[in-house]
Every structure is written in structure tokens, then in C-alpha cells.
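Presented below is the structure to which this report refers.
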Amino acid sequence: MTKPTPLPLQRSASRGNFQSGQSRPPIGSRIVAVSPDDGSAIDLRNPALAALLSWCLPGLGQIYQGRTQKGAIFMGAIMATFLIGLWLGGGKVVYASWKPGETRWAFVCQAGAGLVALPAVIQSRHLNGSARQPLLPIAFMAPPLSAGQYVSREYAESLTESDPDIAADDFFDKPPLRQFRGDQLSIWHRRLGKFFEIGTLYTMLAGMLNLLVIFDAWAGPLGTPTDEDRKRHKNATDKNIPTPT
Amino acid sequence: MLSFQTLIYGVLIALAIPDGLPVTPLLATLAEKVPGIFYGLPLVALASLIFAATHHEDPAEIRFATVHWAVWLGGILGTVFVAVVLIGWMA
């Protein structure tokens with residue numbers, strides 16, 4: 001773990017009022033957090049930027065703050081879980097859909113994993129937009145087609161060729177488009193079985209746990225001692241009695 | 001940074017191109033044979049690790065807290081599981 005920068009313990013007034021010095025922190029002072037382990041100061045640099053980076057790629061905010069080992073732990077653990085979940089779910093479990101009755105609420109949690117879930121939004125917007133086909137040439141993270149949905153001829157042909165569960169006669173010919181007459185979500189459930197739910201769970205949990213990582217980048221480690229903790233610690237030290245934990 | 005993102009997207013696309021699970025048949029076969037409940041264990045480990053790492057900075061403390069959280073989470077979930085099995089058995 002990178003040795004925390006030895007800075008005076010100061011925290012912005014709006015975020016904790018943590019001050020151990022005799023004077024108030026100067027305006028523009030660096031925002032730091034306190035390590036719960038050894039009480040050393042951690043330079044958070046620009047907390048908002050760090051939080052944004054941690055959303056974009058889990059752990060990147062911590063790396064930006066110089067906490068590289070911790071950032072690597074976050075990045076490895078969360079990205080691995082997300083990718084394993086995506087693999088278990090056959091690449092189908094991460095998609096965005098806001099159609100009434102078919103809203104994919106799981107994506108709200110999955111989006112917490114950051115940019116890795118962004119293709120789902122792009123694919124959904126393009127498939128439901130005027131193009132009637134996803135932006136990427138493959139159906140990666142594209143929402144499932146519902147009965148009666150219109151798609152472009154190119155996308156219909158691509159699905160027919162790439163998906164063994166979809167045949168050419170699963171589409172009505174409605175020039176210049178084609179109309180799907182099946183239910184692709186049911187096809188996915190039938191093919192993947194329990195792995196659809198397991199993959200969804202993995203990717204959701206990865207996204208939700210990344211919220212803790214984002215908070216860690218923004219405000220430092222949870223469990224940072226409060227003013228009361230420090231007063232209690234100081235009193236205990238002055239009186240030479242054990243510190244209550 | 002851009003090349004790293006490209007790599008991530010490349011891996012994602014490579015994972016998603018084949019239909020369904022048989023990306024690597026051996027792993028897929030193995031995944032099929034594992035009972036569903038065991039898929040929860042990595043999630044308990046992951047949650048413990050993230051909880052621990054967001055509460056500590058020192059690697060030794062993170063390791064210790066990970067075990068601590070894993071025991072607590074596993075204990076609680078195990079208790080719930082046993083209770084559900086017992087209720088099902090009695091019913």
C-alpha cells in the first residue's frame with residue numbers, strides 16, 4: 001500500500017469539520033482524509049474528480065489519489081465480478097430497456113459499474129431510435145426484441161445468422177423494416193436457465209459495490225475517526241488509560 | 001487510458017460474440033455442474049473484500065477485516081439458509 005502523505009489533518013468545513021491543528025485550515029487547503037488504521041493523512045486531491053474516475057472505471061479514482069494498491073484491488077475485484085457475470089449470462093444480462101412493462105430495473109444497479117455498462121445505453125437508444133438497429137454491428141448489450149417490434153433489415157439478417165434460436169421466418173417482412181414476432185427475452189431465459197439470473201446478480205452486485213468504492217474515492221475510508229473519537233483518544237492518552245475500541 | 005478502455009471493450013466483445021455459455025466448453029461444462037447455491041460464495045467474498053477495503057488502508061488490516069466480514073456475512077446467510085431448509089423440511 002502506498003504510504004499516505006503526511007499532511008496536517010484538515011478537512012473542509014462542509015465535509016466533517018476535522019481539524020487537529022491549532023489554527024483553521026487555510027482557504028484552498030488540500031482535502032485529506034484520515035486513515036482509520038494509523039491516523040495518517042490521505043490526500044484526496046480532487047475528491048469529485050476521483051469519484052467520477054472511480055465510477056468510470058472502478059478503482060481509478062483511488063489510483064489517481066495515489067492509493068494504487070487499493071485501487072488495483074477495487075478494479076480487479078469489481079471488474080472481474082462484472083465480466084464473470086456477463087460471461088455466465090451469455091453476454092445477454094446487461095441491457096437497458098425503459099419500455100413500459102419491460103423496464104430493466106437491474107440495469108440501474110449494473111450502471112454503477114461505470115463505463116463498462118455504457119454500451120447498453122447506446123445500443124438501446126439506437127435500437128429504439130430511427131435507425132431501428134444497434135450502433136455496434138453485433139447485438140452486444142442490445143435489449144431483447146419484443147413481439148411486434150420493428151427492426152432494420154440488416155439487424156434482422158444479422159440476428160438470423162448469429163442467433164441459432166432465431167430463424168428468418170421469425171420476422172414479418174414490412175418494407176423497409178422487419179417485424180419480430182417472437183419474444184427474445186423468453187428465448188434467452190429458455191437457453192440460459194439459471195445462468196441468466198446468476199449473471200444478472202453478479203453484474204448488479206458489482207455495480208452496487210462500486211458505489212462504496214466511489215464514496216471511498218470521494219470521502220476517504222469509511223470509519224474515519226470523528227471529532228468525538230479523537231477527543232476520547234486524546235483524553236485516554238492524556239490519562240494513560242486504554243482507548244475504548 | 002484509451003488503450004486500456006479499448007482492451008476492456010475488446011474483452012467484453014470477445015466474451016459476448018459466441019452465443020450462450022460455450023465460450024470455453026470446459027469452463028461451461030464445469031459451470032453447469034456446480035449447484036446454484038455455490039455461486040453465492042464468490043459474492044460473499046467480494047462483498048467482504050470491498051467492505052474491508054473501504055474501511056481500511058493498511059493491507060494487513062484489509063485482509064483481517066475481509067475474513068471478519070466474510071465470517072459475519074457467511075454466518076448470517078448460512079443461518080437464514082438453514083432456517084429456510086428447516087422450515088421447508090417441517091412443512
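Bear in mind these aren't lab numbers, they're just calculated from the coordinates by the rules spelled out. Quantities reported herein were computed from a predicted structural model and do not represent experimental measurements. Note that each Cβ is placed from the backbone with ideal geometry, even for glycine, and that neighbours are counted across all protein chains shown.
Things worth noting here:
- Note on the range A:38-109 and the range B:24-69: Cα centroid distance 16 Å, given to the nearest whole angstrom.
- Fully extending the segment from residue A:179 to residue A:80 would add 31.9 nm, taking 0.36 nm per residue of separation and subtracting the current Cα-Cα distance.
- Model label points for residue A:238 and residue A:161, set 7 angstrom from Cα along the Cα-to-Cβ axis, are 7.9 nm apart.
- Taken residue by residue and averaged, Cβ atoms of other chains lying within 10 Å of the Cβ of B:42-53 number 6.
- In this calculation the C-beta distance from residue A:215 to residue A:45 is compared with R0 = 25 Å, giving a FRET efficiency of 0.95.
- From least to most packed, judged by other beta carbons within 10 angstrom and beginning with the fewest, A:109, A:56 follow the order A:56, A:109.
- FRET E, pair residue A:136, residue B:80, Förster distance 51 Å, beta-carbon r, rounded to 0.05: 0.80
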